[in-house]
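K.L.:
Let me give you the structure first, and then I'll get to my questions.
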Amino acid sequence: PDPLIMLDGSKVTSKEQWFKQRRPELQQLFQHYMYGYLPKAAPISWTRDGVKDDLFDGKATKKEVTIHFGPKGTPPIELLVVVPNKAKGPVPVFAALNFCGNHTALADASVALTKSWYRGSCPGCEDNKATDTGRGGQVDVWNIELIIDRGYGIAMFYYGDVDPDKRDNDFTDGVHPHFFKQGQTKPGKHDWGAISAWSYGVHRVVDYLVQDEDIDKDRIALVGHSRLGKTTLLAAALDDRIALAIPHQAGCGGTAPSRGKVGESVERINTSFPHWFNDTFPEFNKQTDRLPFDQNCLVALCAPRPVLFSNAQEDQWANPNGQFDVLKAASPVYEFLGVEGLGAKEVPPLEKLLNSRLGYYIRPGRHSMTTGDWKIFLDFADRHLKGS
Ligand code: GCU
């Protein structure tokens with residue numbers, strides 16, 4: 001579907017109409033039919049702790065911020081913020097959701113272990129609890145020292161703080177039950193699933209970051225891998241305080257077309273992970289052509305902000321070629337708004353970053369997030385956030 005055609009068939013003819021009518025319409029449609037509506041923003045409060053200013057031989061300072069939000073009893077988000085010491089003012093930051101807890105990304109004994117339900121496949125997991133043995137187990141995934149050396153900060157949180165990603169997630173833990181109306185026991189047909197909930201968590205983190213004096217609030221990038229890449233794209237589409245988005249290997253339900261024929265299908269994802277979306281999305285399992293949007297429209301909601309899709313050749317499950325088509329079909333909105341969109345007609349060669357405002361990257365290898373990937377994320381951010 002053409003993002004520049006309204007649901008009633010009329011064409012968008014001005015920037016004002018895009019921002020005042022079509023963009024809100026698409027935001028509603030995605031929530032209504034696919035991800036579920038996020039609740040209204042709830043005011044946050046926070047406490048800061050765990051400050052240490054001598055990380056990486058004195059190059060960086062960390063703090064740990066507990067962010068409270070929502071009705072009483074809603075579990076807080078534990079945010080780890082690390083910033084470079086040599087910065088002369090507020091720094092651009094990568095906000096990020098992680099799969100395995102902050103203590104796996106930064107090997108420092110003072111980082112708090114998550115108290116939330118913990119993923120079985122994560123380092124040091126015992127009975128779905130995080131333990132000290134997992135500390136530093138994902139340093140190579142997160143590359144915080146590299147991020148610091150390149151002049152950026154990072155602000156990350158464990159996605160399970162917001163909604164534990166259990167296979168049989170029935171919305172009895174995490175944020176959902178705290179937002180139910182009296183007598184409600186599960187989300188309604190159009191209410192938020194897990195991806196919306198994680199996105200809502202990101203938005204609360206952004207509420208905090210725009211008030212943190214170490215952070216440049218106009219240069220907040222968001223990164224997430226896979227299901228957290230899907231979350232990244234949705235969170236950015238709904239919140240333009242996020243200046244740049246990197247949904248890495250996000251695939252179906254994120255960066256790949258729902259109408260795609262390669263890799264994971266809508267039917268398959270709704271069957272394997274029913275809690276990620278709302279209860280309306282499965283009605284499209286066998287008729288994705290009836291969706292009033294495809295994922296190109298979700299990217300278009302980010303316009304004119306930079307978005308990078310990055311992929312791996314062996315990760316055909318995420319349909320890397322289909323993702324390029326998604327960018328192609330989002331690009332007209334960028335051009336309509338008077339900025340550069342996708343800067344090529346064909347998928348770039350392996351390991352060659354297409355560094356246009358709608359960017360694309362594919363490397364050899366499999367579904368993972370690596371140091372090499374971070375070098376690309378940083379190059380993309382250098383051009384689009386730092387103008388270099
Ligand atoms: C599965 C799922 C994908 C998802 C991935 C992940 O492979 O099918 O849609 O992106 O898990 O989040 O790791």
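K.L.:
On a full-extension model of 0.36 nm per residue, what is the gain between ALA109 and LYS15, subtracting their alpha-carbon distance, rounded to one decimal in nm?
P.N.:
Fully extending the segment from ALA109 to LYS15 adds 28.8 nm.
K.L.:
Lys and Arg at +1, Asp and Glu at -1: add these up for the other residues within a Cβ distance under 11 Å of LYS86 and post the number.
P.N.:
Once all neighbours under 11 Å are counted, the net charge is +1.
K.L.:
Which lysines have a Cα less than 30 Å from the Cα of LYS15, not counting those fewer than 8 places away in the same chain?
P.N.:
Excluding near neighbours in sequence, the set is LYS40, LYS217, LYS230, LYS328, LYS345, LYS386.
K.L.:
Then there's this: Plugging the Kirkwood radius over Cα pairs into Stokes-Einstein for the chain, at a temperature of 10 °C and a viscosity of 1.306 mPa s, what D comes out in µm²/s? Kindly include the intermediate steps, with their values, before the conclusion.
P.N.:
Values: Rh = 20.9 Å.
Value of D from the Cα-based Kirkwood radius: 76 µm²/s.
K.L.:
Here's another thing I want to ask about it. Counting pairwise Cα distances across region 298-343, what percent come out greater than 13 angstrom?
P.N.:
Distances greater than 13 Å cover 53 percent of the Cα pairs.
K.L.:
Along each of the three principal axes of the Cα atoms of region 149-285, give the extent in whole Å, ordering the values from largest to smallest.
P.N.:
44, 42, 22
K.L.:
In whole angstrom, how far apart do the alpha carbon centroids of region 98-163 and region 268-305 sit?
P.N.:
29
K.L.:
What whole-number value in Å² describes the accessible area per residue of the chain for a 1.4 Å probe?
P.N.:
About 40 Å² of surface per residue is accessible.
K.L.:
Looking at the chain, identify the longest residue range that excludes and avoids all GluC sites (Glu not before Pro) in DSSP loops having at most 14 other Cβ atoms within 10 Å.
P.N.:
Values: sites that count: GLU213, GLU314, GLU340, GLU346, GLU351.
No qualifying site falls inside 1-212, the longest such stretch.
K.L.:
Here's something else I'd like to know. Just want the answer: with Cβ charges of +1 for Lys and Arg and -1 for Asp and Glu, which residue in SER368, ASN169, LEU308 is farthest toward the dipole's positive end in the chain?
P.N.:
LEU308
K.L.:
Between GLN184 and ASN128, what is the label-point separation in nm under the 7 Å Cα-to-beta-carbon projection?
P.N.:
Taking the two extended label points, one gets 2.3 nm.
K.L.:
Here's something else I'd like to know. If the only charges are +1 at each Lys and Arg Cβ and -1 at each Asp and Glu Cβ, what is the size of the charge dipole of region 239-388 around the Cα centre, to the nearest 20 debye?
P.N.:
220
K.L.:
Next question, about the same structure. Going highest first, how would you order 50-56, 188-194, 231-237 by mean Cβ packing within 10 Å? Before the final figure, lay out each step's value.
P.N.:
Details: 50-56: 14.7, 188-194: 20.4, 231-237: 29.0.
Ranking the peptides 50-56, 188-194, 231-237 by packing returns 231-237, 188-194, 50-56.
K.L.:
Kindly provide the trypsin sites (Lys or Arg not before Pro) of region 232-334 that DSSP labels as loop, not H, G, I, E or B, and whose Cβ sees at most 12 other Cβ atoms within 10 Å.
P.N.:
Details: sites: ARG241, ARG259, LYS261, ARG268, LYS286, ARG290, LYS328; in loops: ARG241, ARG259, LYS261, LYS286.
Counting only loop positions with at most 12 other Cβ atoms within 10 Å, the trypsin sites (Lys or Arg not before Pro) in region 232-334 are LYS261, LYS286.
K.L.:
May I pose another question? Residue separation times 0.36 nm, minus the C-alpha to C-alpha distance between ASP8 and GLU351: what's the value?
P.N.:
119.3 nm is the gain from fully extending ASP8 to GLU351.
K.L.:
Leaving out ligands, DNA and RNA, what percent of the accessible area of the chain is carbon and sulfur, probe 1.4 Å?
P.N.:
With neighbouring chains kept in place, the figure for the chain is 50 percent.
K.L.:
Sorting check: for 353-361, 154-162, which peptide has the highest mean count of neighbouring beta carbons within 10 Å, and how do the rest follow?
P.N.:
Values: 353-361: 22.9, 154-162: 26.6.
Ranked by mean Cβ neighbours within 10 Å, highest first: 154-162, 353-361.
The values are calculated or read from the model by the stated rules, or taken from the named source; none is laboratory data. Worth saying up front: this structure is predicted, and the values here are computed from it rather than measured. Using ideal geometry, Cβ is built from the backbone for each residue, glycine included, and neighbour counts are taken over all protein chains shown. Accessible surface areas use protein heavy atoms only, side chains included; no ligands, DNA or RNA. Shrake-Rupley method; radii C 1.70, N 1.55, O 1.52, S 1.80 Å.
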